[in-house]
Structure formats: C-alpha cells, structure tokens
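*Asks:* Here it is, the structure in full.
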Amino acid sequence: MNLTPYLEHFGVAVSAVSGVLAARGKRVDLFGVTVLALVTAFGGGTIRDLCLGATPVFWVKAQGFVITAIVAALATFFTARWLTIPRKWFEPTDAIALAMFTIVGASKSLKFEAGGLIAVALGTMTGVAGGILRDVLLNEVPLVFRKDINLYATAAISGATVYVLMQHFLKQPLWSVAAGVAVILLMRLLAIRWEWRLPEFETGDGPPESSK
Amino acid sequence: MNLTPYLEHFGVAVSAVSGVLAARGKRVDLFGVTVLALVTAFGGGTIRDLCLGATPVFWVKAQGFVITAIVAALATFFTARWLTIPRKWFEPTDAIALAMFTIVGASKSLKFEAGGLIAVALGTMTGVAGGILRDVLLNEVPLVFRKDINLYATAAISGATVYVLMQHFLKQPLWSVAAGVAVILLMRLLAIRWEWRLPEFETGDGPPESSK
Amino acid sequence: MNLTPYLEHFGVAVSAVSGVLAARGKRVDLFGVTVLALVTAFGGGTIRDLCLGATPVFWVKAQGFVITAIVAALATFFTARWLTIPRKWFEPTDAIALAMFTIVGASKSLKFEAGGLIAVALGTMTGVAGGILRDVLLNEVPLVFRKDINLYATAAISGATVYVLMQHFLKQPLWSVAAGVAVILLMRLLAIRWEWRLPEFETGDGPPESSK
C-alpha cells in the first residue's frame, strides 16, 4: 500500500491550518483566511515548479490538493472560535509537514536535473517559502528568519543535504528519503526541546544604507 | 465590431489608476507609482500565466497593454494634485475591471485544460492578485482580505463559478461570459450599497503560533 | 580574455552584500540573512526569466552563482560586527552591479524576441526587483520607490533605453552594451553627487480608496 498520497494531503492540510492560525488578531475575513491557507500550502511548491520550468504547476494538475487545503482552512476558520489546539500539539505535526515538503521538493528538483546544491535550495524553499509568503501577506518579517524559530529552516537544509548526498552516492531512493525525513524531524524536535538557535545578525554601528 | 480589446485596455487602465491612487500619503515617487500601476494591472494575469505555463506571459507579447498602463499611471500622477475623483464614481468602474479580469482569467485557464475548480481559482486570482501585490508593496495587509471590502473577492468567485458551470454544461461562450460578468457586477454593487460582508476570523484565546 | 563571467559574479556578490546589510537592526538570523542575500541577488533575474519563459531559471543551471552569493552573505554576516563599510564606498560598487544587471537583463529579453519597450522594462526589473523583494521581506516600502534614492531606477531605465535603441539601429552589441552601462553609471553617480530626485506623488485631499 502506497502511503505517499495520504502523506501529501496530510502535509497540505497541516500547512493550510498553519496559514489560517497565523491570521489571528489580524482582522482578516473568510476570503483572506482561505488565501492565506492556499498560499502557505502551495507557495513553496509553486515557486519550485516555476523555477524548474515544471509547468503547469503541480496544484493546477491536481485539484484534490486544493480541495484538501480549502476544507482544512474552512474547518479551522469555523472551529477556532471554540477549539484551541495547544501549541505543543501543533509543532510536531508541523515538523512532519516540513520534512515531507522539503524532501519531496529536493527529490523533484533532482528529477529535473538540478545540481545537488540547487536541489537542497529548492527543497528547503518548498518547505519554508509558503510560510514566508504567508508572513509577507500578513505584513510581518517572516517568522522563519528569526532566531526564535529554533532551527526551522536549518533542519530543512540539513535533511535535504543528507537526502541529496545519499541519493547521489547510494542511489537507494527509499533509504535516502527515510534518512532525510528523519534528520529534519529529529533536528527540529530537539531544537524546540532545547531551544537551539542560529546566531542573529549584528552590526557595529550603522553600516551603509544599500539600495540594490 | 469586436469590443474585447477595448474592454481589456479599459480594465488595464482602471487597475493602473487604482495602483497609483493606493500610493497616496505613502511618500512614493514617480517610479514607484509607475511600478505600482503596472503591478496592479498585470500582477494577477502574470501569476495566472506562470502557473498555467503560458509563457512568455501576456504582456511580454502585447506591448500595447504596457503603454496603456503607463499612460494611465502618468495621467493620474500629474492630475491627482488638482483633480479628486469622488469615491462613488470609482467603485463601479473598478467593478467592471474586476469582472472583466476574472472572466478573462477563468476562460484562459479552461483553454489551458485546467479543471473547473482551478479555473475558478485562477480567474479569481487574475481579478484580485494585482491588488494584493500592490498592497504588499505598500506594506499593508491586503485590502481584499478585510471584511470592509464588501464581497470583492466573493463576487469574483461567484461570477467565475457561474461562468465555468455554464461553459461546462451549455458550451455557449457568449452567454457564459455575459452571465459571469453580470453576477460579479451585480453582487459587487449590491454589496457596496447594502454593506454586505464576510465573517471575520475570530479565535478563542491565543492558539498555537505556527511556523510553516 | 572574456571578463563577462567575472563581472557577473561581482554583480551577484555586491547584490548579496546589499541584501545582508539591509537586515541590520531587524532581528534576523543567519538563515534569514542568507535568504535576503539570495533574493536580492537573484530576484530580478528570476522574475525576468519566468516572464520570458526562459526556464529552468538561470541560477538553477549555474550553481556557481549561488555559491558566490552564499559566500558573500556569510562573509558579510561574520565581518559586519567589526568591519563597517563606509556608505560612500558602497554606492559606486552598487551602481556597477545595477548597470550590469540591467543591461544583461535587457539583452536577454531581446534574445527572447521581446519588443523594445518590454526589453527596457525587463532590464530595469532585472536591476531593481531583487531589492524590491528584499525590502518587502523586511517589511518596508521598497527603497527604490522613494525620491531619496536619487534616480536609482531612472538610471536603469535610461541606460536600458539607450542600449535597446543602439542595438536596434546600429546592431553593434559591444558599443550598445558600453553605452548602456555608461549611461547608468554616470547618471547614478551624478544623481548621488547632486541629489537629483524624481517628483513625489501628491494628492489634493483624500482621493477614493481603491480596491482592485
């Protein structure tokens, strides 16, 4: 039995919920919430497909994903008033979606003959770009750029790197995928538990204002 | 006599004007205003074409639209100092542009073999994404995400749905287009008149912070 | 000896540095800084390639550029604490990158059979869109939209126009490139020196709120 499609729909639903929840306190209406859900769920994969030239992009060809995302968004919209999902529950769920999106993205990039470094970059983008777009739409500096996020993108980069290296040297898709996913999940959960962080950007005094 | 090209240039000009007017009070210069006009007029159609794989995108092949948008932007830039268009006049004009962009977008999507749900999504995107990009560039949460907008996107979704269904079952392009446009115009104008609104997103207390 | 690749890597590195420096005072971590560098360096060229249908986009096929950008970003991240580049030094360097990106962008557009006006638009986009995306990610109205920027985009538009016209009438690629680059450099440096500015958008009193 092939579990991949279920996992993909699960990842899309989790991302859509994350898009909706980010809108709390923002005076956004039902349409705004739906767009935020769709952008969070499909933003990363869309940019990846466009950069690779894999058009029409994946969700144009697979209406089912759009339905999953919209249903997840509507369900969250209407239940969030009464039902509060404890934060602790949501982070591991979100880590699974991150792992899945990232490795799917890196794998698709390799299939389109991207080099190893590019596959890592596009895999990471598949995992995190939806959330970046969501935060931009909500008028905030992306959460994933801040050290409080506990190695969110770093976990994705590490897992994608492990996946690409294993795939390059061993050519065992199943093991490569498993290792990549495991690295992302483990690193992310440990980072949340122990509050691991990347260093923040610090400057002496005011460096030049740039304009490119 | 074929009116479509005139209508399209009209829609582009109206959107460009809307892009310029959104910049008031924002300390944006002549270049910024021109970019805002172009992004508002072409943003939605560009994302649609990219997602469909319809490249080069439409305005690369049709310089005339770019000229129309730039002329409309410059005219607004230089006259806005003295001439104030009353709000009441602008909203029906903008509703016509919304209707036209949405139905053109849905129709092009069907031509590229997109499914019905995707055609509705891409049609709506053609109608509203330019304005979303404009607001993001001006550092604001998109106006179309707020309930004060009186069913702006909802009118587009409804009209696109009617168009796609009629086209699917009756296959009479002219009637389908007319019905789609009529639904958008009517719904939008009634919504403005009677201040119809979508429900806003409400949560109990602080739900989990999301990070995808 | 062909200098073009060196110049391109130089332009990418300068843009990446500009992306990093824009993040000061923004509480962005190492990952955020790297993304800002990549987006500033590759944003404009990516949008150009997508609109032209030139996929996979250029950096997917040229991993070397990505390495250059990441190395420049890391170097800036780790030295900015101690080393402050005086603003006066950075602006001419950035002007060279602007000139190079713009003319490369216009030239590629002509190769893809874009019309003259579109080549100017896409050339300018190649020069300035990376910086616009950078500012959007940092939650600011793009610097290039403000009159304080001293003809940044205007220099790009002028140089791209000169390049496209010369290429059209004289068909001497080398001279066209040289003239385009010279116009951008000269105009930008003079504008900085004499504080030339575009007019800012002014309105009477509150014009209509737009919503497209």
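The values are calculated or read from the model by the stated rules, or taken from the named source; none is laboratory data. Remember, it's a predicted structure, so these values are computed and weren't measured experimentally. Virtual Cβ from ideal backbone geometry, glycine too; neighbours counted across all protein chains shown. All accessible areas refer to the heavy atoms of the entire protein, side chains included, with ligands and DNA or RNA removed. Shrake-Rupley method; radii C 1.70, N 1.55, O 1.52, S 1.80 Å.
*Asks:* Looking at B:THR68, B:THR46, B:THR40, B:THR34, which one is of a type in the set (Ser, Thr, Tyr), part of a helix (DSSP H, G or I) and more than 10 Å from chain C (Cβ to nearest Cβ)?
*Replies:* Selected residue: B:THR68, the only one of B:THR68, B:THR46, B:THR40, B:THR34 that is of a type in the set (Ser, Thr, Tyr), part of a helix (DSSP H, G or I) and more than 10 Å from chain C (Cβ to nearest Cβ).
*Asks:* Same structure, new question: Do we have C:LEU7 as at the interface with another protein chain (Cβ under 7 Å from one of its Cβ atoms) and either of a type outside the set (S, T, N, Q) or closer than 18 Å to C:GLY131 by Cα (or both) here?
*Replies:* no
*Asks:* Another question about this same structure. May I ask you to say which residue of B:GLY127, B:GLY123 is more than 8 Å from the chain's Cα centre (by Cα), surrounded by 24 or more Cβ atoms within 10 Å (Cβ to Cβ) and either modelled with pLDDT under 95 or assigned to a helix (DSSP H, G or I) (or both)?
*Replies:* Answer to the selection: B:GLY123.
*Asks:* Here's another thing I want to ask about it. Among the listed residues A:LEU98, A:LEU52, which satisfies the condition of being facing chain B (nearest Cβ under 9 Å), crowded, with 20+ Cβ neighbours inside 10 Å and aliphatic (A, V, I, L, M)?
*Replies:* Within the list A:LEU98, A:LEU52, the selection yields A:LEU98.
*Asks:* Taking into account only those residues within segment B:71-84 that are without any contact (Cβ under 8 Å) to a residue 60 or more places away in the chain and at the interface with chain C (Cβ under 7 Å from one of its Cβ atoms), which is surrounded by the fewest Cβ atoms within 10 Å (Cβ to Cβ)?
*Replies:* B:TRP82
*Asks:* To continue, here is another question. Out of segment B:60-70, which residues are farther than 26 Å from C:PHE201 by Cα and either crowded, with 19+ Cβ neighbours inside 10 Å or charged (D, E, K, R) (or both)?
*Replies:* Those that are farther than 26 Å from C:PHE201 by Cα and either crowded, with 19+ Cβ neighbours inside 10 Å or charged (D, E, K, R) (or both): B:VAL60, B:LYS61.
Conditions tested, residue by residue: (1) open to solvent by 10 Å² or more (accessible area, probe 1.4 Å); (2) among the charged types (D, E, K, R); (3) in a helix (DSSP H, G or I); (4) farther than 30 Å from A:ARG146 by Cβ.
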position	(1), (2), (3), (4)
C:LEU110	yes, no, yes, yes
C:ILE118	no, no, yes, yes
C:GLY131	no, no, yes, no
C:GLU140	yes, yes, no, no
C:ALA153	no, no, yes, yes
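*Asks:* Of all residues in segment A:12-31, how many are more than 8 Å from every other protein chain (Cβ to nearest Cβ) and surrounded by fewer than 24 Cβ atoms within 10 Å (Cβ to Cβ)?
*Replies:* So the answer is 1.
*Asks:* Further, regarding this structure: Suppose we filter segment A:162-193 for residues that are within 27 Å of A:LYS88 (Cβ to Cβ) and not in a helix (DSSP H, G or I); how many remain?
*Replies:* Residues flagged as within 27 Å of A:LYS88 (Cβ to Cβ) and not in a helix (DSSP H, G or I) within segment A:162-193 amount to 0.
Let's see how each residue does on (1) within 10 Å of chain B (Cβ to nearest Cβ); (2) at pLDDT below 95:
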{"position": "C:GLU140", "(1), (2)": "yes, yes"}
{"position": "C:GLY159", "(1), (2)": "no, no"}
{"position": "C:TYR163", "(1), (2)": "no, no"}
{"position": "C:LEU170", "(1), (2)": "no, yes"}
{"position": "C:TRP175", "(1), (2)": "no, yes"}
{"position": "C:ARG193", "(1), (2)": "no, yes"}
{"position": "C:GLU200", "(1), (2)": "yes, yes"}
{"position": "C:ASP205", "(1), (2)": "yes, yes"}
{"position": "C:PRO208", "(1), (2)": "yes, yes"}
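*Asks:* Out of (1) at pLDDT below 95; (2) within 11 Å of chain C (Cβ to nearest Cβ); (3) open to solvent by less than 50 Å² (accessible area, probe 1.4 Å), the odd one out for B:ARG87 is which?
*Replies:* Only one criterion is unmet by B:ARG87, namely (3).
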